[in-house]
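A.B. asks: Structure in structure tokens, see below.
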Amino acid sequence: MPIVPDVPAHGGNQDDDRGAARTGGPLFRDETPPTPPYLAPSQNPQEPMTSAAQPVPAPQKKNAGRDLSAAIGVGVGLGAVIAVSLFVVKAAFIGVIAVAVVVGLWELTSRLAERKNIRAPLVPLALGGAAMVVAGYVRGPEGAWVAMALTALAVLVWRMTEPPEGYLKDVTAGVFAAFYIPFLATFVAMMLTADDGARRVLTFLLLAVVSDTGAYAVGWRFGKHKLAPRISPGKTREGLLGAIAFAMAAGALCMQFLIDDGTWWQGLILGLAVAGSATLGDLGESMIKRDLGIKDMGTLLPGHGGIMDRLDSLLPTAPVVWLLLVLFVGSS
């Protein structure tokens, strides 16, 4: 999962737009601005301020908006767990995916209940979500679709045990959560079934991380034009270009050296697609958080937020990478 901090623009956090609507002048045209407090002791208030009385603004330091040391430490730890499970025992990595899915479902349903009074049933979602990941690994796309359908049915039935008020919004949110988190995550499990499955998953993770890193580096240094200010004010068009350039370069290398029968030009296409899907994933979860009125989905990962704050770009990217790899080099 991406281990880089969220992409800010010029020191701001990409999901913190609390100051976006502030203005520097009076709220209404007939308001009288307050008297400037910075006057020299002997200066007449009716006289212009001298240069000596001018306030000296404090120097601004760029701040990523996160505890970078904690973020890096947690990221390294997560990377170690993923690497060991991915290349030692494939079944262990399926367990890692299932745990991430269950925690993500818990975070999403908790925030929905707290902020919107939407009570999507967690028990059938958690059981069905874990089963969905296993079914995708064992039976492929057909197994994932069947498990998804059964999970949706379980949500509908489970919610019937409670009063009917709010039934429609609760089950709608439950089916959405089942699709958004475990179903999309099954594509990572399906990548793992190929002969070079571990390297396919590694390619998927590397491209997502590199895309985020490119957006962060370029947006932080050169970002001036907002990409979607009403959704994520910190994202810039320059950052998106950085994500595309970094991801395409990494994609070319990964396809050439990690994927069996892959070629560099396929990697360029793969990297471009990953940069697009990862950015849309970030914006999609930012939209959800804006609607809920929260900054992070959770606090489980110091310096990162919650599990869902790390999965936002990975989830929509997984089916894109799986499909392109199948088209380029096959599924086995």
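A.B. asks: Please determine, by comparing only the residues of the range 128-167 that are more than 18 Å from Met191 (Cα to Cα) and among the charged types (D, E, K, R), which one is surrounded by the fewest Cβ atoms within 10 Å (Cβ to Cβ).
C.D. replies: Glu165
A.B. asks: Pick from Ala100, Ala113, Ala92: which is over 17 Å from Thr299 (Cβ atoms) and not charged (D, E, K, R)?
C.D. replies: The unique qualifying residue is Ala92.
A.B. asks: Being at pLDDT below 95 and surrounded by 21 or more Cβ atoms within 10 Å (Cβ to Cβ), is that true of even one residue in the range 314-332?
C.D. replies: no
A.B. asks: Output the residues belonging to the range 137-162 that are in contact with a Phe, Trp or Tyr (Cβ under 7 Å, 6 or more places away or on another chain) and closer than 22 Å to Pro319 by Cβ. Lay out the reasoning, then the answer.
C.D. replies: Applying the first criterion (in contact with a Phe, Trp or Tyr (Cβ under 7 Å, 6 or more places away or on another chain)) to the range 137-162 yields 144, 148, 159.
Listed by number, the residues that qualify are Ala144, Met148.
A.B. asks: Have a look at Ala120, Ala91 and point out the one that is outside any helix (DSSP H, G or I) and either at pLDDT 85 or above or farther than 18 Å from Ala152 by Cβ (or both).
C.D. replies: One residue alone meets the criteria, Ala120.
A.B. asks: Does the range 312-321 contain any residue that is more than 16 Å from the chain's Cα centre (by Cα) and under 21 Å from Gly140 (Cβ atoms)?
C.D. replies: yes
A.B. asks: Determine whether Leu283 is farther than 16 Å from Leu240 by Cα and either within 9 Å of the chain's Cα centre (by Cα) or not in a loop (DSSP other than H, G, I, E, B) (or both).
C.D. replies: no
A.B. asks: Please find, within the range 98-112, the residue that is surrounded by the most Cβ atoms within 10 Å (Cβ to Cβ) out of those that are more than 16 Å from the chain's Cα centre (by Cα) and under 23 Å from Ala194 (Cβ atoms).
C.D. replies: Looking at residues that are more than 16 Å from the chain's Cα centre (by Cα) and under 23 Å from Ala194 (Cβ atoms), I get Ala98.
A.B. asks: Name the residue that is surrounded by the fewest Cβ atoms within 10 Å (Cβ to Cβ), counting only residues in the range 286-301 that are in a loop (DSSP other than H, G, I, E, B) and in contact with a Lys or Arg (Cβ under 9 Å, 6 or more places away or on another chain).
C.D. replies: Gly293
The values are calculated or read from the model by the stated rules, or taken from the named source; none is laboratory data. As the structure is a prediction and not an experimental result, all values here were calculated from the model. Positions of Cβ are backbone-derived with ideal geometry, glycine not excepted, and every protein chain shown enters the neighbour counts.
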